[in-house]
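The values are calculated or read from the model by the stated rules, or taken from the named source; none is laboratory data. For clarity, every value in this text was computed on a predicted model and none was experimentally measured. Here Cβ is always computed from backbone atoms with ideal geometry, including for glycine, and neighbour counts include all displayed protein chains.
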């Protein structure tokens with residue numbers, strides 16, 4: 001009955017959903033947010049439903065299969081090195097585009113967004129302590145205990161629990177390796193559970209075109225051009241910087257490793273598309289993990305470790321390009337001449353801060369706060385830019401997720417864990433085949 005649907009390439013269905021959503025938002029205006037927004041909300045909820053169990057079982061299986069601590073340590077070292085290197089390059093891109101395009105020059109008086117609330121910057125010790133879940137079951141449910149004004153403990157949602165899930169799953173995986181044959185049944189069960197979650201992921205991803213339609217229709221209908229007009233130059237600068245980083249920097253790194261960039265972008269397209277419309281690395285995690293293994297040929301055990309880790313600390317868009325560009329923007333807007341030492345501080349704060357705010361909700365706002373504070377710049381710019389944050393976040397998140405797929409490809413190539421036949425074939429589908437079966 002639905003054979004015609006599955007015969008259409010996945011990326012074409014997503015693009016069609018995007019275009020139709022934009023047209024619906026333009027045609028129906030604010031009503032589109034009410035009529036079509038629930039489709040997007042349902043899609044994001046479905047993605048979040050599968051993300052935590054997918055990561056949990058995948059990481060357990062990955063640690064157990066990769067042979068324990070020595071193998072994981074070597075791969076982790078290379079992975080973190082590439083995370084840091086690409087973050088440094090991203091900061092350079094953000095600063096360069098700020099200099100070239102001058103987004104803060106000639107901007108009229110700006111108003112702080114009415115719904116903007118300043119965020120506190122977490123300390124390094126707090127971040128390290130938050131890696132360890134006090135209750136693994138709460139981490140797995142995406143909730144944490146918080147005390148209300150009445151002194152009552154309640155469960156509230158937390159976006160930072162992915163790191164806790166990775167930590168706990170890693171411990172379980174190491175325990176399985178240590179116990180060996182005595183827990184062969186549990187090891188097999190973890191592998192089978194991981195396969196089940198991959199299968200569920202394929203089913204859910206088939207809803208992407210419909211979810212894309214709902215999200216874009218609500219965005220276009222509810223936003224309007226008036227909010228973008230005062231900061232249009234900044235939007236252009238951010239999109240141009242992110243596009244340059246993805247195409248030129250990432251493409252150059254792939255060429256340096258003997259890999260065809262076009263094949264990478266073709267295989268990574270599903271994860272990039274989901275990231276753009278959902279504006280969440282966490283929501284894009286199932287699609288990016290599936291793209292890395294099924295489309296790009298990264299060893300599934302290594303990908304199960306690297307991609308979820310990247311989703312929490314690899315933030316080239318939110319944690320490097322955006323705060324660097326925001327710093328240049330506010331200096332131009334306020335007529336402040338940045339010194340060489342301030343540029344160095346901006347670069348260091350962007351790179352180190354992206355690791356220090358791992359798993360913290362609102363990464364982009366936190367990172368901008370860290371960088372502007374470190375450079376001695378006024379923080380009002382964060383409130384100015386918050387008015388258009390949803391539009392900015394689409395491109396920032398797509399840049400984040402592209403980097404989260406790139407690094408595993410580079411490390412897998414260096415480590416002999418990349419299936420070149422799959423990479424060169426560059427498939428684009430991550431869901432069901434034309435018979436409606438998971439493949």
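Worth a mention:
- Count of residues meeting criterion [surrounded by fewer than 16 Cβ atoms within 10 Å (Cβ to Cβ), in contact with a helix residue (DSSP H, G or I) (Cβ under 7 Å, 6 or more places away or on another chain) and under 12 Å from residue 213 (Cα atoms)] in segment 21-34: 0
- Within segment 368-418, considering residues that are more than 23 Å from the chain's Cα centre (by Cα) and either crowded, with 21+ Cβ neighbours inside 10 Å or modelled with pLDDT of 95 or more (or both), the one nearest to residue 351 (Cα to Cα): 375
- Unmet requirement for residue 344, which otherwise passes all of (1) buried (at least 21 other Cβ atoms within 10 Å of the Cβ); (2) more than 23 Å from residue 285 (Cα to Cα); (3) at pLDDT 85 or above: (1)
- Of all residues in segment 77-88 being free of Cβ contacts under 8 Å to residues at least 12 places away in the same chain and closer than 14 Å to residue 305 by Cβ, the one that is farthest from the chain's Cα centre (by Cα): 77
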